Amino acid sequence: MAKKAILVISFGTSYNDNREKTIVPTEKVIAAAFPDRELRRAWTSKMIIAKLKKRDNEYIDYIDEAMDKLVKDGFDDVIVQPTHVMNGEEYDFVKEFVLPYKEKIPALKLGKPLLTTDEDYDNVVEAIAKDIKPLCTGDAMILMGHGTEHFANATYSELQLKLIAAGEKNIFITTVEGFPTFDSTLALMEGKGIKKVTLMPFMIVAGDHANNDMAGDEEDSLKSVVSAAGYEVDCVIQGLGSLPAFQQMFAEHAKNAE
């Protein structure tokens, strides 16, 4: 009989309380879809892994360490499911480390990130309308993603267009380190009669970026920039991983792993 496992790979977070609200429940939902598989964990941020080891004396495996343990423990049927938002640099790392193990694990499948297919975008837009929009206390909502120099940054622009096409004209996507920029998002908001804006991270966890780059008091934070533009602002410090719809989407991706 095959020895089966499912390895859930996340970027990680040093905010332990938020990990319990986002990464952990997402792992549990994915694991529940595969009751015959042992759940394993790995993270892709070596910086966060090192920080947890130093601060909390807790060690979480990097990708290759988790894969080596699966081989050592005799697993011959493994599904690897990342909890990354897009097919960017972090997912490239996952593929780079995982795929060579097909030589050591007879049945090895790799799932896709949250936003991969057109159907994924439609499902995310539906989840935003159903589960995120009700958290808005103002006239509009800005969802802040990370952003990247990787070409996958186009993911954010496609999601913005999908939202507009779905009639969600007062939900905006912005990024910390890519496009749309804070300024370009503000330009998109002009002339719509918006007075109050709710900010929320478009990230699996609500960690350092959510607490500082989005909701921090520094003048270059999203909260400060939007406030300086004349809007009343409130912040929702909640990661996507805390929402059942997003947890379930990752479980479905694991079921469709190839």
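Are there GluC sites (Glu not before Pro) in region 58-108 that DSSP puts in a loop and that have at most 15 other Cβ atoms within 10 Å, and which ones?
The qualifying sites are GLU58.
What is the sum of charges, Lys and Arg at +1 and Asp and Glu at -1, for the other residues whose Cβ falls under 14 Å from the Cβ of THR83? List each step's numbers first, then the result.
Values: positive: ARG19, LYS21, LYS28, ARG40, ARG41, LYS112; negative: GLU27, GLU90, ASP120, GLU252.
Around THR83, the charge tally is +2.
Residue by residue through region 93-98, which ³J(HN,Hα) values in whole Hz follow from phi under the Karplus form 6.51 cos²θ - 1.76 cosθ + 1.60 (θ = phi - 60°), with glycine and proline marked x?
Residue by residue, region 93-98 yields 4, 4, 4, 4, 8, 7 Hz.
Along the charge dipole of the chain, which of TRP43, VAL125, LEU108 sits closest to the positive end, that is, farthest toward it, with unit charges on the beta carbon of Lys, Arg, Asp and Glu (+1, +1, -1, -1)?
Farthest along the dipole direction, towards plus: LEU108.
In the chain, what percent of the accessible surface is made up of carbon and sulfur (1.4 Å probe, ligands and nucleic acids excluded)? Could you put the intermediate results ahead of the total?
Working: 6100 of 12030 Å².
The nonpolar share, carbon plus sulfur, comes to 51 percent.
What is the local net charge at LYS69, summed over the other residues whose Cβ is closer than 9 Å to its Cβ (Lys, Arg +1; Asp, Glu -1)? Write out the running numbers ahead of the final one.
Values: positive: ARG40, LYS72; negative: ASP61, GLU65, ASP68, ASP73.
Once positives and negatives cancel, what remains is -2.
Over region 94-186, what relative contact order in percent results from Cα pairs under 8 Å that are six or more residues apart?
25 percent
Considering only Cα-Cα distances, which of the following residue pairs are longer than 30 Å: LYS46/LYS102; LYS162/LYS195; LYS69/LYS130?
Checking Cα-Cα distances, LYS69/LYS130 exceed 30 Å.
Using the heavy atoms of the protein chains alone and a 1.4 angstrom probe, what is the accessible area of the chain per residue in square angstrom?
47 Å²
Work through the residues other than HIS150 whose Cβ is under 10 Å from its Cβ and net out their charges, Lys, Arg +1 and Asp, Glu -1.
-4
How many nm separate the modelled label positions at THR137 and GLU96, each set 7 Å beyond the Cα in the direction of the Cβ?
That separation, rounded to one decimal, is 4.3 nm.
Please say if region 1-79 is rounded, prolate or oblate, where rounded means a/c under 1.5 for a ≥ b ≥ c the square roots of the C-alpha gyration tensor eigenvalues, and otherwise the choice is prolate for a/b larger than b/c and oblate otherwise? Mind dumping the intermediate values first?
Values: a/c = 2.85, a/b = 1.48, b/c = 1.93.
Oblate, since a/c reaches 1.5 and b/c is not below a/b.
Does anything in region 48-82 have its amide N under 20 Å from the 7 Å Cα→Cβ label point of ASN16, and if so which residues?
Those under the cut-off are 48-62.
What does the charge dipole of the chain about its Cα centre add up to, to the nearest 20 debye, if the Cβ of each Lys and Arg holds +1 and the Cβ of each Asp and Glu holds -1? Spell out each step's value before the answer.
Working: 29 positive and 42 negative charges, 143 e Å.
Here the size comes out at about 680 debye.
At a Förster radius of 45 Å, what calculated FRET efficiency corresponds to the Cβ-Cβ distance of ASP217 and ALA33, to the nearest 0.05?
For R0 = 45 Å, the calculated efficiency reads 0.65.
The values are calculated or read from the model by the stated rules, or taken from the named source; none is laboratory data. This is a predicted model, so every value here is computed, not measured. Glycine gets a Cβ as well: all are built from the backbone with ideal geometry, and neighbour counts include every protein chain shown. Ligands, DNA and RNA are stripped out before the accessible areas are found, and what is left, the full protein with its side chains, is counted by its heavy atoms. Shrake-Rupley method; radii C 1.70, N 1.55, O 1.52, S 1.80 Å.
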